[in-house]
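The values are calculated or read from the model by the stated rules, or taken from the named source; none is laboratory data. No experiment lies behind these values; they were computed from the predicted model shown. Here the Cβ positions follow ideal geometry from the backbone for every residue, glycine too, while neighbour counts run over all protein chains shown.
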Amino acid sequence: MSKKVGFGLVGSQFITTIHTEALKQVADAEIIAVMSPTIGNAKKFAATHHIPHHFTALEDMLALEEIDAIVIGAPNHLHCEITLAAAAAGKHVIVEKPLCMNLKEADLMIEACKRANVKLMYAEELCFAPKYVRLKNLLDEGVLGTPTLLKQSEKHDGPHAPHFWDVERSGGGVTMDMGCHGIEFLDGYWVAPKSNLFMRK
């Protein structure tokens, strides 16, 4: 029997709950620990979701050998710092959107993960959503003709965390919170050679 992939969760609020419920559906995944600097949050989250370890210090969680990868659900301004620490500890990294605050941080994160030979994944769910995959296939097949305009929008009743109201911690308000989905979908992922409308970065 192959070893399950051990996950550590950084964060204990709304988005970490979403990742937790998703990981529970993956047979080869096992949530080992959760970490939050807010006293009591990680302990409560671990009890609710039956996670064996909880921490208030990132370095303590990263020291666990059974953790192979971490999922970052922390405020945006911490994404780069946490990624660098995780890479240095030899852990693969999944980062909740937006990836980070700016291109300088993105370059640091990419370089650190390359140097440590660990994977860095930006958790953009639109790339895998069935309706968007189907749209990509239809464009590739040419059944939609030549598109001249594509629009994508996001709506919800958030923000779900206080840091999104603080531009110093969020990095750009609604553009970073919601606009990142459309930017990734239209600019970074889809390739439609017949329409020449999208280009893979």
Among residues of the range 126-174 being in contact with a helix residue (DSSP H, G or I) (Cβ under 8 Å, 6 or more places away or on another chain) and of a type in the set (D, E), the residue farthest from A22 (Cα to Cα) is E168
All-but-one check, A112 against (1) in contact with a strand residue (DSSP E or B) (Cβ under 7 Å, 6 or more places away or on another chain); (2) crowded, with 19+ Cβ neighbours inside 10 Å; (3) of a type in the set (A, V, I, L, M, F, W, C), failing number (1)
Per the filter on the range 136-163, residues touching a residue at least 24 places away in the same chain (Cβ under 8 Å), farther than 29 Å from A74 by Cβ, in a helix (DSSP H, G or I) and not acidic (D, E) are K136, L139
Within the range 97-109, of all residues that are surrounded by fewer than 21 Cβ atoms within 10 Å (Cβ to Cβ) and not in a loop (DSSP other than H, G, I, E, B), the one modelled with the lowest pLDDT is L103
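Is it true that A87 is assigned to a helix (DSSP H, G or I), out of contact with any Cys (no Cβ under 8 Å at 6 or more places or on another chain), small (G, A, S) and modelled with pLDDT of 95 or more?
Values: assigned to a helix (DSSP H, G or I): yes; out of contact with any Cys (no Cβ under 8 Å at 6 or more places or on another chain): no; small (G, A, S): yes; modelled with pLDDT of 95 or more: yes.
Against the criterion (assigned to a helix (DSSP H, G or I), out of contact with any Cys (no Cβ under 8 Å at 6 or more places or on another chain), small (G, A, S) and modelled with pLDDT of 95 or more), A87 does not qualify.
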Considering the range 56-83, residues that are over 16 Å from the mean Cα position of the chain (by Cα) and crowded, with 24+ Cβ neighbours inside 10 Å, and then whichever is farthest from A116 (Cα to Cα), we arrive at M61
From the option list A69, A87, A57, A74, single residue qualifying as touching a helix residue (DSSP H, G or I) at 6+ places or on another chain (Cβ under 7 Å), farther than 29 Å from S153 by Cα and of a type outside the set (V, I, T) is A87
Exactly one of I51, I15 is more than 17 Å from the chain's Cα centre (by Cα) and either part of a strand (DSSP E or B) or among the aliphatic types (A, V, I, L, M) (or both), and that one is I51
When every residue in the range 124-176 that is over 30 Å from G11 (Cα atoms), among the hydrophobic types (A, V, I, L, M, F, W, C) and surrounded by 10 or more Cβ atoms within 10 Å (Cβ to Cβ) is compared, the one modelled with the lowest pLDDT is L150
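Do we find a residue being without any contact (Cβ under 8 Å) to a residue 60 or more places away in the chain, over 14 Å from the mean Cα position of the chain (by Cα), surrounded by 14 or more Cβ atoms within 10 Å (Cβ to Cβ) and in the same structural domain as T83 (by TED's automatic domain parsing) anywhere in the range 18-30?
Scanning the range 18-30, I find at least one residue that is without any contact (Cβ under 8 Å) to a residue 60 or more places away in the chain, over 14 Å from the mean Cα position of the chain (by Cα), surrounded by 14 or more Cβ atoms within 10 Å (Cβ to Cβ) and in the same structural domain as T83 (by TED's automatic domain parsing), so the answer is yes.
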